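Undergrad: Before anything else, here's the structure in question.
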Amino acid sequence: MRELVRVRGLLLAMALVGAGFALILSVGFALNGPDSSRVDSLIAPSAVIVVLSAIGLVLHIGAAKRAAVPARASRPLDSPVLPPPSPDQLAYAADPMMLGTCVHLQPIERDMRLAGVGTQLSYGQVVFADCLIDLPVLRQRYRIAEPVFYTDSIPGDHPGEPDGAMLGCRAHRSSIGVTPPTSVPPGTPVFPA
């Protein structure tokens, strides 16, 4: 498609230059030549071709510029532009047995994935899980102890953004981001159930 636009633009530019050259020669002959009646008949068509070619070139340039600007996605202006998923994120999404966290958090992450909790690898050893943590049951079932911790007071990244919550490992800088108890959308699963 881009090649077609380039060729069309080149042809319009060539027509404009050729018609302009013919117009200049016609005017020159009309001003200086003895047979001006024959030359006068070339001025009007040459002028029309120059004007039409110029209009076509201007319209083509405008269309090419509009085509070069990508269409704006239908998203709110304040939402971030997300990069495409990395190969690791794609592999994690495709394999429900793959784990992204450190050895201290893997039993919890594994059970989350087996329970059908939506999880997503973010980067490194950081995973996000779409669930609310039932902390007393979690502590009892997994015997949470150092270096593993839970916090629900992570400030939002942007003004007005709700606080976050996570299970983290201080030894490996690994974490599972979860839904904070202060902003639970309806239908959010509770883990462990």
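The values are calculated or read from the model by the stated rules, or taken from the named source; none is laboratory data. Values in this document were obtained by computation on a predicted structure and should not be read as measured data. A quick note on method: Cβ atoms are made from the backbone with ideal geometry, for glycine too, and the neighbour counts reach across all protein chains shown.
Undergrad: Just for segment 94-117: of the residues that are touching a helix residue (DSSP H, G or I) at 6+ places or on another chain (Cβ under 9 Å) and either β-branched (Val, Ile, Thr) or part of a loop (DSSP other than H, G, I, E, B) (or both), which one is farthest from Pro84 (Cα to Cα)? Break it down stepwise before answering.
TA: Looking only at segment 94-117, we keep the residues that are touching a helix residue (DSSP H, G or I) at 6+ places or on another chain (Cβ under 9 Å), and these are 96-101, 107-108, 111, 117.
Of the ones still in play, those that are also either β-branched (Val, Ile, Thr) or part of a loop (DSSP other than H, G, I, E, B) (or both) are 96-101, 108, 117.
On the way: Pro96: 20, Met97: 22, Met98: 20, Leu99: 20, Gly100: 18, Thr101: 21, Ile108: 27, Val117: 22 Å.
The qualifying residue farthest from Pro84 (Cα to Cα) is Ile108.
Undergrad: How many residues does segment 152-177 hold that are at pLDDT 90 or above and more than 13 Å from Glu109 (Cα to Cα)?
TA: Initially, segment 152-177 is screened for residues at pLDDT 90 or above, giving 165-177.
From what's left, more than 13 Å from Glu109 (Cα to Cα): 165, 170-173.
Qualifying residue count for the region: 5.
Undergrad: Moving to a separate point now. Return the residues of segment 135-159 that are exposed (fewer than 15 other Cβ atoms within 10 Å of the Cβ) and under 21 Å from Thr188 (Cα atoms); say none if nothing qualifies.
TA: Of everything in segment 135-159, those that are exposed (fewer than 15 other Cβ atoms within 10 Å of the Cβ) and under 21 Å from Thr188 (Cα atoms) turn out to be Leu135, Pro136, Val137, Arg139, Arg141, Thr151, Ser153, Pro155, Gly156.
A quick yes/no check of all residues on (1) touching a residue at least 24 places away in the same chain (Cβ under 8 Å); (2) of a type in the set (S, T, N, Q):
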{"position": "Pro87", "(1), (2)": "no, no"}
{"position": "Met98", "(1), (2)": "no, no"}
{"position": "Gly116", "(1), (2)": "yes, no"}
{"position": "Gln125", "(1), (2)": "yes, yes"}
{"position": "Ile133", "(1), (2)": "yes, no"}
{"position": "Ile154", "(1), (2)": "yes, no"}
{"position": "Asp157", "(1), (2)": "no, no"}
{"position": "Asp163", "(1), (2)": "no, no"}
{"position": "Arg173", "(1), (2)": "yes, no"}
